[in-house]
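What follows is a short report on a single structure.
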Amino acid sequence: MTTKTATVTPETIEVSIGLDRTERYDPAVIEEKWRERWERDDLYWVDDDAPGEKWYSLTMYPYPSGVLHIGHWYAFAVPDVYARVQRMRGYNVLFPMGFDAFGLPAENAAIRHGIHPAIWTSENIAAMRQQYRQMGAMIDWSREVATCTPDYYRWNQWLFLQMLERGLAYRAKGAVWWCPQDQTVLANEQVLEGNICERCGAEVFKRDLEQWYFRITDYAEELLRDTEALDWPERVKTMQRNWIGRSEGARLRFMLETGDSLEVFTTRPDTVWGATFMVLAPEHPLVAKITIPDRQADVDAYIEQARRQTEIERMSTDEARARTGVFTGGYAVNPVTDERIPVWIADYVLMGYGTGAIMAVPFGDQRDFEFARAFDLPIRAIVQSEDGPELDPATMTEAYDGPGVLVNSGPMTGKRVPEELPQIIRWLEETGRGKAEVTYRLRDWLISRQRYWGTPIPVVYCDDCGMVPVPEDQLPVELPLDAEFTPTGQSPLVTHEGFLNTTCPRCGGAARRETDTMDTFVDSSWYWFRYTSPREDEGPFDPEAAARWTPVDLYCGGIEHAILHLLYARFFTKVIRDLGLIEHGEPFLRLRNQGMILAEEGTKMSKSRGTQIAPDELVARHGADALRLHLMYLGPWDQGGPWNSRGIAGMERFIRRAYGLVTETGAGPFDQPLPEAETTPLRRLRAKAIRRVTTDLDEFQFNTMVAALIEYVNELMKLRETALIHTRDWREALETLVLLMAPSTPYVAEELWERLGMPYSVHHQSWPDYDPALTQDDAVEVVVQVNGKVRDRLLLPVDLPEADARARVLTQPKITEAIAGREPRKVIYVPGRLINIVV
RNA sequence: GCCCAGGUGGCGGAACUGGCAGACGCGCUAGCUUGAGGGGCUAGUGCCCGUUUAGGGCGUGAAGGUUCAAAUCCUUUCCUGGGCACCA
């Protein structure tokens with residue numbers, strides 16, 4: 001697939017005599033010309049069996065929202081540059097493209113504008129596919145995937161069934177936002193400030209519904225451990241680790257006066273002697289049982305109130321936010337002190353973490369402390385710091401969770417914490433009061449959606465057999481397209497008789513289909529496997545093709561996906577591995593995130609405020625090549641930042657200069673014999689340019705890579721009036737320029753390559769090489785400081801010994817003047833950089 | 001609120017491992033170019049003082065610290081952005 005870099009031969013020079021010296025750079029003409037040629041030749045078709053090591057370069061597929069905005073370019077055109085470099089380096093590169101085509105916006109469009117989600121989605125895909133073509137990206141369209149097609153979502157269903165069979169999918173109650181007016185479930189996004197329904201303005205609350213879950217927590221430990229080896233940005237790995245949130249501690253059992261036992265998880269079982277009350281989540285199943293009649297009204301009112309809180313509100317530790325809670329009237333017994341302690345409910349305890357109940361130790365936990373102060377509950381000192389003043393519960397102003405020695409702690413009094421925590425846990429285990437346990441913050445993945453535009457969950461409910469999975473040979477369970485959309489937004493599946501009523505696969509009797517659909521994150525949790533064999537109909541993908549291409553070598557996408565999507569994709573990969581379809585357990589070996597492009601004034605781009613930037617106009621005015629460069633040049637790709645409408649002209653100017661340089665001096669003749677001493681600077685220039693561009697690309701520093709290209713052209717421009725332009729080295733410098741530009745500006749590079757008389761295509765050439773010796777300078781400018789202030793600069797040999805450097809420097813007039821006769825107390829010499837004289 | 005990033009000229013940004021702050025581009029200023037359009041070329045451009053030249057001082061959100069030397073390391077603090085499990 002790749003050929004060696006063409007060297008200058010008399011033939012190529014002769015062909016290039018035909019260069020037109022007067023024609024100006026016209027991106028519209030050039031880009032149209034090459035787009036057509038590339039498509040005609042299938043230049044980007046990927047052959048599984050092509051020679052070269054594989055390189056799977058994946059970019060997060062877009063949601064087909066309708067039109068491409070500049071963020072899509074930022075996300076796709078920039079990784080395209082790197083995929084192209086890898087191809088020039090000889091890799092067999094897979095750089096596919098698809099659409100994440102199920103989801104809420106299509107349903108909103110259906111309700112608001114009366115257009116069917118299927119039509120809306122397919123029209124959007126068609127429009128966006130056209131726009132992607134402008135980019136000049138190296139996409140093999142023959143592998144395109146759209147997740148809303150039955151031949152794709154069929155395999156969501158298949159994977160679901162495998163998970164159901166293995167106990168990784170299960171049903172349980174879960175709280176969802178409910179709009180009483182529209183009689184529908186709402187996404188968090190649809191709940192506005194003050195718990196208002198986005199559609200009708202009614203006040204909404206949380207309601208418990210039967211939901212489907214994936215047991216991702218089974219993989220918590222592995223997901224945590226495997227982050228170690230990944231070449232991912234450290235910030236993403238940290239966020240994932242914190243999200244999984246491993247805590248070591250113990251599970252302790254308290255007895256309630258009702259006779260029930262109440263289990264709690266705590267990371268500080270050593271503080272159990274200080275547990276002076278207990279708090280249950282308002283949703284806890286034991287609340288109904290423990291509440292005494294007198295307290296019932298207050299408890300009910302509080303539960304009602306908690307249903308109106310978002311989780312973010314509930315978890316807030318803002319001091320201004322008043323601690324709320326109510327007493328149930330019930331009591332528990334502290335298992336180590338045998339004291340009777342009151343049981344409260346409060347919304348800062350979440351049902352989804354630990355056991356949904358806590359022992360409250362106000363002395364050692366800030367939230368418990370504030371709660372105790374607010375409700376006048378007892379605080380008992382159980383740890384004293386060894387070097388601080390003794391803490392008195394009556395006067396302390398905040399909880400103490402530092403190290404120390406246990407006090408008032410029965411047989412454990414005098415133990416050091418945290419050092420002796422293991423012994424304390426062992427004692428609790430031996431006396432039957434609890435056991436060591438590890439808990440994760442990570443919760444199981446709720447995949448049910450009470451919506452239409454998604455993958456139907458392939459189970460039926462039979463009056464006799466209960467829940468029955470749809471047999472694999474009956475997949476896909478197709479989403480009916482003749483659905484009626486009500487303005488309320490209730491899923492049409494619930495009222496679609498043809499879909500709803502079916503027969504039981506087990507007994508043949510009447511049965512009802514599951515009307516929930518899957519979270520669209522399911523679609524995106526394995527889509528990259530599908531690209532390796534997009535027409536496979538025996539399974540989600542051909543295991544042989546997957547073995548050839550996966551794991552993905554480089555995954556690019558927005559930082560906003562740092563947690564959820566990436567975690568779910570990692571989970572699915574491990575499940576698919578355990579199904580025996582692949583051998584690896586991590587999907588993406590290397591991850592690079594782009595930042596977000598903001599509107600020019602620094603705020604989020606918004607369709608409604610008209611601050612979105614449309615790439616089409618920019619392409620029409622400046623060309624796709626200039627737009628690609630401009631996006632790379634805006635700033636560090638991983639940081640994003642505000643759009644800048646002015647800079648693109650500078651990129652167009654750069655291309656025009658490069659274009660003029662190559663077309664005007666590329667024809668030769670190149671027969672001027674010059675001594676090596678005169679051509680060496682030119683060869684050095686070329687070698688340094690290659691080095692900078694290459695290393696910057698490998699580090700994903702596209703902005704400085706473009707700066708290196710610009711500087712290279714600027715330097716060559718300065719040499720344009722010298723005899724160097726008639727040397728072979730000049731010709732080589734120009735060819736190198738075109739090759740270095742090829743990944744970034746694929747259209748104009750192809751044009752210039754042709755104009756240099758080189759064989760089609762520049763995108764099949766090898767990445768240029770250089771002699772490292774040429775990038776080493778013999779002498780460097782060294783800064784001379786006196787007391788840290790720059791006083792002079794000297795050109796010194798790189799490896800000059802300190803004594804010589806010191807002698808040279810101390811005789812410089814500027815330095816003797818600055819020292820003014822004082823005696824140097826110390827001299828710091830950093831060879832090749834600076835000398836600092838301290839007086 | 002919690003978790004994760006980031007703050008450098010008029011603007012976007014650069015700065016290897018703690019070693020010349022401001023590369024490169026935009027914008028701006030002046031000059032040239034009659035091919036007067038959003039064209040091209042040349043020179044200048046962090047701020048302040050000084051100025052024929054020279055030179056000097058200040059300067060990386062704020063305050064403090066470590067060091068011969070800090071945009072870079074440490075402490076405190078302010079501001080902005082991303083995520084927070086049904087947007088994707």
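If you filter segment A:162-202 for GluC sites (Glu not before Pro), then keep DSSP loop positions with at most 14 other Cβ within 10 Å, what is left?
Answer by residue number: A:Glu193.
About its Cα centre, what dipole magnitude does segment A:560-708 give when the only charges are +1 on Lys and Arg Cβ and -1 on Asp and Glu Cβ, stated in debye to the nearest 20?
180
Once the Cβ-Cβ distance between A:Glu721 and A:Ala807 is put in as r, and R0 is 51 Å, what FRET efficiency do you end up with, to the nearest 0.05?
Approximately 0.80, to the nearest 0.05.
Relative to the first principal axis of the alpha-carbon coordinates of chain A, what is the inclination of helix A:564-578, with its axis defined by its Cα atoms, in degrees from 0 to 90 and to the nearest 10?
80
Using the crude model of +1 on Lys and Arg Cβ and -1 on Asp and Glu Cβ, and no other charge, please compute the dipole size for chain A relative to its Cα centre, in debye to 20.
Using only the charged Cβ atoms, the result is roughly 1740 debye.
Would you pull out the residues with amide H under 5 Å of A:Leu94's amide H, same chain only if 5 or more places away, H placed 1.01 Å from N?
A:Trp55, A:Tyr56, A:Ser57
What does the extension gain come out to for A:Arg112 and A:Ala547, with contour length at 0.36 nm per residue minus their alpha carbon separation? Write down the numbers at each step before the final one.
Details: separation 435, 0.36 × 435 = 156.60 nm, distance 4.46 nm.
Residue separation times 0.36 nm, minus the Cα-Cα distance, leaves 152.1 nm.
I need the GluC sites (Glu not before Pro) found in segment A:260-362, filtered to DSSP loop residues with at most 16 other beta carbons within 10 Å of theirs.
Values: sites: A:Glu263, A:Glu283, A:Glu304, A:Glu311, A:Glu313, A:Glu319, A:Glu339; in loops: A:Glu283, A:Glu319, A:Glu339.
Those satisfying the criteria are A:Glu319, A:Glu339.
What trypsin sites (Lys or Arg not before Pro) does segment A:321-378 have in DSSP loop regions with at most 16 other beta carbons within 10 Å?
Taking segment A:321-378 and a limit of 16 other Cβ atoms within 10 Å, the loop trypsin sites (Lys or Arg not before Pro) found are A:Arg321.
What ³J(HN,Hα) values, in whole Hz, does the Karplus curve 6.51 cos²θ - 1.76 cosθ + 1.60 give for segment A:34-47 when θ = phi - 60°, with x put for Gly and Pro?
Each residue's phi maps through the Karplus curve to give 7, 4, 5, 4, 5, 5, 4, 8, 6, 4, 10, 5, 9, 9 Hz.
If amide H atoms are built 1.01 Å from N in the plane of the peptide, which residues on other chains or at least 5 residues away come under 5 Å of the amide H of A:Ser525?
Answer set, sorted by chain and number: none.
Quick check: residue separation of A:Ala229 and A:Ser316 times 0.36 nm, minus the Cα distance between them. What number comes out in nm?
Extending this stretch completely gives an extra 28.0 nm.
Between A:Glu304 and A:Tyr461, how many nm apart are label points set 7 Å from Cα along the C-beta direction?
Placing both labels 7 Å along Cα→Cβ, they lie 2.8 nm apart.
Just name one of A:Val287, A:Leu739, A:Ala545: the one whose Cα is farthest towards the positive end of the charge dipole of chain A (beta-carbon charges, Lys/Arg +1, Asp/Glu -1).
Final value for the positive-end residue is A:Leu739.
When the Karplus curve 6.51 cos²θ - 1.76 cosθ + 1.60 is applied with θ = phi - 60°, which whole-Hz ³J(HN,Hα) does each residue of segment A:785-791 get, with x for Gly and Pro?
Each residue of segment A:785-791 in turn: 10, 10, 6, x, 10, 5, 10 Hz.
Along segment A:673-678, what does the Karplus equation 6.51 cos²θ - 1.76 cosθ + 1.60 (θ = phi - 60°) give for ³J(HN,Hα), rounded to whole Hz, x for Gly and Pro?
Once rounded to whole Hz, the list reads x, 10, x, 4, 4, 7.
For segment A:138-181 and segment A:227-257, what is the separation of their C-alpha centers, rounded to whole Å?
Computed from Cα coordinates, the inter-centre distance equals 26 Å.
Restricting to chain A, what percent of DSSP beta bridges are antiparallel, rounded to 5?
Roughly 75 percent of the DSSP beta bridges within chain A come out antiparallel.
Only helical DSSP H runs with n ≥ 4 go in: add -39500 (n - 2.57) per run for chain A, normalise by residue count and round the 222 nm mean residue ellipticity to 500 deg cm²/dmol.
Only helices count here, giving -10500 deg cm²/dmol.
Hey, can you grab everything whose amide H is under 5 Å from the amide H of A:Ser766? Only 5+ residues off in sequence or another chain; H modelled, so Pro and N-termini drop out.
A:Thr3, A:Thr5
Could you tell me which of A:Pro673, A:Asn501, A:Asn334 has its Cα farthest along the dipole of chain A towards the positive end, charges placed at Cβ (Lys, Arg +1; Asp, Glu -1), taken about the Cα centre?
Selected residue: A:Pro673.
With the dipole of chain A worked out from charges on the C-beta (+1 for Lys and Arg, -1 for Asp and Glu) around the Cα centre, which of A:Trp445, A:Pro480, A:Val798 lies farthest toward the positive end?
A:Val798
Rounded to the nearest 20 Debye, what is the dipole magnitude of segment A:416-537 about its Cα centre when Lys and Arg each give +1 and Asp and Glu each give -1 at the C-beta?
460
Quick check: pseudo-label points 7 Å beyond the Cα along Cα→Cβ at A:Thr816 and A:Glu257, how many nm apart are they?
Between A:Thr816 and A:Glu257, the label points sit 9.7 nm apart.
Suppose we keep just the DSSP beta bridges with both residues in segment A:702-839; what percent of those would be antiparallel, to 5?
That works out to approximately 75 percent antiparallel.
Test of understanding: what is the full-extension gain from A:Arg426 to A:Trp141, defined as 0.36 nm times their sequence separation minus their Cα-Cα distance?
Working: separation 285, 0.36 × 285 = 102.60 nm, distance 6.12 nm.
Value of the extension gain: 96.5 nm.
What's the FRET efficiency of A:Arg656 with A:Asn242 using the Cβ-Cβ distance as r and R₀ = 41 Å, to the nearest 0.05?
For R0 = 41 Å, the calculated efficiency reads 0.25.
Cut-off 16 Å, label point 7 angstrom out along Cα-to-Cβ of A:Phe375: give me the residues of segment A:261-275 whose amide nitrogen falls inside.
It comes to A:275, nothing else.
Mind giving me the FRET efficiency for A:Ala288 and A:Ser65? R0 is 45 Å, r the Cβ-Cβ distance, nearest 0.05 is fine.
0.50
Cα-Cα over 30 Å: which of A:Lys415/A:Lys435; A:Lys173/A:Lys435; A:Lys289/A:Lys435; A:Lys574/A:Lys604; A:Lys54/A:Lys237; A:Lys237/A:Lys415?
A:Lys574/A:Lys604; A:Lys237/A:Lys415
Each label point is 7 Å from the Cα along the Cα-to-Cβ direction; what then is the distance between the points at A:Glu339 and A:Arg621, in nm?
7.3
How big is the gap, in Å, between the Cα center of segment A:401-435 and the Cα center of segment A:580-605?
45
Laboratory data are not the source of any read-out in this text; all were calculated from the coordinates shown. Since the model is a prediction, treat every value here as computed from it, not as a measurement. Here the Cβ is made from the backbone with ideal geometry for all residues, glycine too, and neighbour counts use every protein chain on show.
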